[in-house]
Amino acid sequence: MGFRSDTGGLIDPIAMASAAPILPGATVTVVDQRSIYNGYTGFVQRISGDRAAVLFEGGNWDKLVTLPLRDLSAD
């Protein structure tokens, strides 16, 4: 038994309950192998729908990037 996701696949409710929530202020890591930001760690600034604005800071630069929640892992 599971729930239907927006993409039509089944979601295991037990797996959903054990996943760490991603909320504003959380530290997250990008886990999308195709992204140039893969492996980067940043701070969630805001969430809108299924996307999160993540702030990456590195020395003398800051960058705010909007990424799908499915491509992020809470640390």
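The values are calculated or read from the model by the stated rules, or taken from the named source; none is laboratory data. Given the structure is predicted, the values throughout are model-derived calculations rather than measurements. Positions of Cβ are generated from backbone atoms using ideal geometry, with glycine treated the same way; all protein chains shown enter the neighbour counts.
Looking only at residues in region 26-42 that are surrounded by 16 or more Cβ atoms within 10 Å (Cβ to Cβ) and part of a strand (DSSP E or B), the one that is farthest from the chain's Cα centre (by Cα) is Gly42. One residue stands out in region 53-75 among those that are surrounded by 12 or more Cβ atoms within 10 Å (Cβ to Cβ) and small (Gly, Ala, Ser): the one that is farthest from Ile36 (Cα to Cα), namely Ala74. Entry remark, region 1-25: residues being modelled with pLDDT of 95 or more and loosely packed, with under 10 Cβ neighbours inside 10 Å number 1 in total. When region 50-60 is filtered for residues that are farther than 15 Å from Asp75 by Cα and more than 12 Å from the chain's Cα centre (by Cα), the ones remaining, listed by number, are Glu57, Gly58, Gly59, Asn60. Taking residues in region 26-40 that are within 11 Å of Pro68 (Cα to Cα), and partners anywhere that are part of a loop (DSSP other than H, G, I, E, B), the pairs with Cβ atoms closer than 6 Å and at least 6 places apart or on different chains are Val30/Tyr37; Val30/Asn38; Val30/Tyr40; Asp32/Asn38.
Counting just the residues of region 45-67 that are assigned to a strand (DSSP E or B) and in contact (Cβ under 8 Å) with a residue 24 or more places away in the chain, which one comes out nearest to Leu23 (Cα to Cα)?
Here is the first cut: in region 45-67, the residues assigned to a strand (DSSP E or B) are 45-48, 51-58, 61-67.
Next, from what is left, pick out any that are in contact (Cβ under 8 Å) with a residue 24 or more places away in the chain: 47, 52, 54, 65, 67.
Values: Ile47: 7, Ala52: 9, Val54: 11, Val65: 16, Leu67: 14 Å.
Across region 45-67, the extreme among qualifying residues is Ile47.
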